[in-house]
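S.K.: Can you read through this structure? Questions will come right after.
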Amino acid sequence: EVQLVESGGGSVQAGGSLRLSCAASGTIYSTQCMGWFRQAPGKEREGVAMIDGDGRTTFADSVKGRFSISQDSAKNTIYLQMSSLTPDDSAMYYCAADNAFRFAALWRDPGRDDGYWGRGTQVTVS
């Protein structure tokens with residue numbers, strides 16, 4: 001029902017910035033949560049940032065103060081603005097969406113198969 005397409009990944013030097021975009025299509029509800037997860041080689045997938053239908057945001061401790069998530073409701077698009085990037089931020093970044101209840105479970109256990117996922121966009125920081 002929902003298709004998510006990420007864009008904006010690439011290579012950047014440490015200390016630099018990137019902005020990722022996730023465009024959603026299909027049946028979208030205002031109560032649906034959307035967010036970003038990432039997975040580095042040899043690491044488990046982890047939650048990075050999320051935003052709910054009321055605009056409330058949540059961030060992983062590792063990115064607080066450096067990353068910002070925003071949304072354009074008219075375009076069904078969310079963004080992840082990343083600054084002060086470090087090599088530890090290198091990962092495949094995935095966009096995900098689901099209702100608030102299931103998204104909360106996904107945030108707690110990012111390895112779940114629940115939710116709608118994009119194919120990911122690679123971020124490499126050197």
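S.K.: Tell me, what is the Rg over Rh of the range 56-108, with Rh the Kirkwood radius over Cα pairs?
M.R.: Details: Rg = 12.4 Å, Rh = 12.8 Å.
In the range 56-108, Rg relative to Rh is 0.97.
S.K.: Okay, next question. Given a 1.4 angstrom probe, what's the average accessible area per residue across the chain, in square angstrom?
M.R.: That works out to 54 Å² for each residue.
S.K.: Label 7 Å along Cα→Cβ of Ala40; the range 81-117 residues with amide nitrogen under 12 Å?
M.R.: From the range 81-117, the list is 86-92.
S.K.: Report the local net charge at Ala24: Lys and Arg +1, Asp and Glu -1, summed over other residues whose C-beta lies under 12 Å from its C-beta.
M.R.: Taking every other residue near Ala24 into account, the sum is -3.
S.K.: Would you mind counting up the charge near Val2? Only other residues with Cβ under 14 Å from its Cβ, with Lys and Arg at +1 and Asp and Glu at -1.
M.R.: Neighbourhood net charge equals -2.
S.K.: Distance from the Cα centre of the range 36-58 to that of the range 80-126, in angstrom?
M.R.: 4
S.K.: Moving on. Using helices alone, what [θ] at 222 nm do you get for the chain, with -39,500 (n - 2.57) per DSSP H run of 4 or more residues, divided over all residues and rounded to the nearest 500?
M.R.: Taken over the chain, the calculation gives -2000 deg cm²/dmol.
S.K.: Another one. Which Cys residues of the chain have no other Cys Cβ less than 4.7 Å away and so no disulfide-compatible partner by this rule?
M.R.: Among the cysteines of the chain, those whose Cβ sits 4.7 Å or more from every other are Cys33.
S.K.: Please give, to one decimal in nm, the separation of the simple spin-label points placed at Thr58 and Ser17, each 7 Å out from Cα toward the Cβ.
M.R.: Between Thr58 and Ser17, the simple spin-label model gives 2.7 nm.
S.K.: Give me the compactness ratio for the chain, meaning the Cα radius of gyration over 2.2 N^0.38 Å.
M.R.: This ratio for the chain stands at 0.97.
S.K.: Next up: Quick one: dipole size for the chain, taken about the Cα centre, charges +1 on Lys/Arg Cβ and -1 on Asp/Glu Cβ, in debye to the nearest 20. Before the final figure, lay out the partial values.
M.R.: Numbers: 12 positive and 14 negative charges, 44 e Å.
My answer is approximately 220 debye.
S.K.: Would you mind computing, in nm to one decimal, how far apart the modelled labels at Asp72 and Asn99 are, each placed 7 Å from Cα along Cα→Cβ?
M.R.: Output for this residue pair reads 2.9 nm.
S.K.: Restricting the calculation to Cα positions, tell me the Rg (one decimal) and the Dmax (whole number) of the range 84-126 in Å.
M.R.: Cα only, the range 84-126: 12.5, 37 Å (Rg, Dmax).
The values are calculated or read from the model by the stated rules, or taken from the named source; none is laboratory data. Small disclaimer: the values here were computed from a predicted structure and weren't measured. No Cβ is skipped: glycine too gets one built from the backbone with ideal geometry, and neighbour counts run over all protein chains shown. Calculation scope for accessible area: heavy atoms of the full protein, side chains included, ligands and nucleic acids excluded. Shrake-Rupley method; radii C 1.70, N 1.55, O 1.52, S 1.80 Å.
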